[in-house]
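Presented below is the structure to which this report refers.
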Amino acid sequence: MSKKILFLTFFMTILITITFAEGMQETQLIAEPEYNMSDPCIACHVAVTPGILTGYGKSKHIESNVSCQACHTAHEDDPTGFNHNGFEITVIPSPKYCEQCHSDEVAQYNNSKHAWAAFMGQ
Ligand code: HEC
Ligand code: HEC
Ligand code: HEC
């Protein structure tokens, strides 16, 4: 091999390595947002259902430190409530579960399902 080709190969290898290393760093940043590990639901779900946490992590709720339980703890009169690893939860919280924090939007929901859809779409 001529010196020129040797030099070019060396140069390209460094370029590819740098590009790859930067790509890896970005992947890690996206994959590991900061979760509140003192939340018992998060602590276990990080391991078992990371996909659900990614969705949750993107939302305003995790930024505002709203816990999983704030939405999923089953109300006493909710027939969908069941014991899940020692916690009474529901899988599908209805708008009633949002009322304590979003009373205006839930009042609107009761009048117009469209207003609720607009709220959820944000
Ligand atoms: C010890 C581990 C563990 C803890 C603690 C835990 N979960 Fe889970 N959760 C799981 C696993 C595993 C699954 C998937 C299998 C299943 O449905 O049990 C799951 C499933 C779910 C589901 C879907 C259930 C379904 O039938 O589709 C919801 C909702 C849920 N968890 C919410 C919570 C909430 C809210 C908390 C905290 C109050 C919590 N989990 C605490 C392990 C855990
Ligand atoms: C702001 C309210 C809210 C918070 C906070 C919240 N959830 Fe949910 N979750 C819901 C609603 C509403 C549904 C019903 C399905 C849907 O609309 O996505 C749901 C559905 C689920 C499901 C079943 C549906 C699926 O995608 O498989 C699981 C599992 C779950 N949540 C786990 C969690 C865990 C774990 C946390 C905490 C990290 C959490 N949720 C925090 C509102 C919430
Ligand atoms: C414990 C309080 C709490 C509960 C319960 C709660 N939220 Fe929230 N929610 C917040 C906070 C805090 C924010 C972020 C600040 C804001 O935008 O108002 C937020 C933001 C939102 C946003 C984004 C609004 C925007 O401005 O972009 C939506 C949509 C939303 N919540 C839907 C729901 C739904 C649906 C439920 C019930 C399943 C629910 N929330 C339950 C506290 C809560």
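Read the figures in this text as sums done on the coordinates, not as results from a lab. Source: prediction; values computed, not measured. Note that each Cβ is placed from the backbone with ideal geometry, even for glycine, and that neighbours are counted across all protein chains shown.
Structure data summary
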| read-out | value |
| --- | --- |
| Positive minus negative residues near Asn110 (Lys, Arg vs Asp, Glu; Cβ under 12 Å) | -1 |
| Simple label model, 7 Å out from Cα along Cβ direction - Ala43 to Phe82, nm | 2.4 nm |
| Unit charges at the beta carbon, dipole of the range 40-120: most positive-side option, Tyr97, Phe87, His114 | His114 |
| 15 Å beta-carbon shell around Thr80, net charge (K/R +1, D/E -1) | -3 |
| Mean Cα-pair separation over length for the range 40-120, i.e. relative contact order, pairs under 8 Å, 6 or more apart, % | 16 percent |
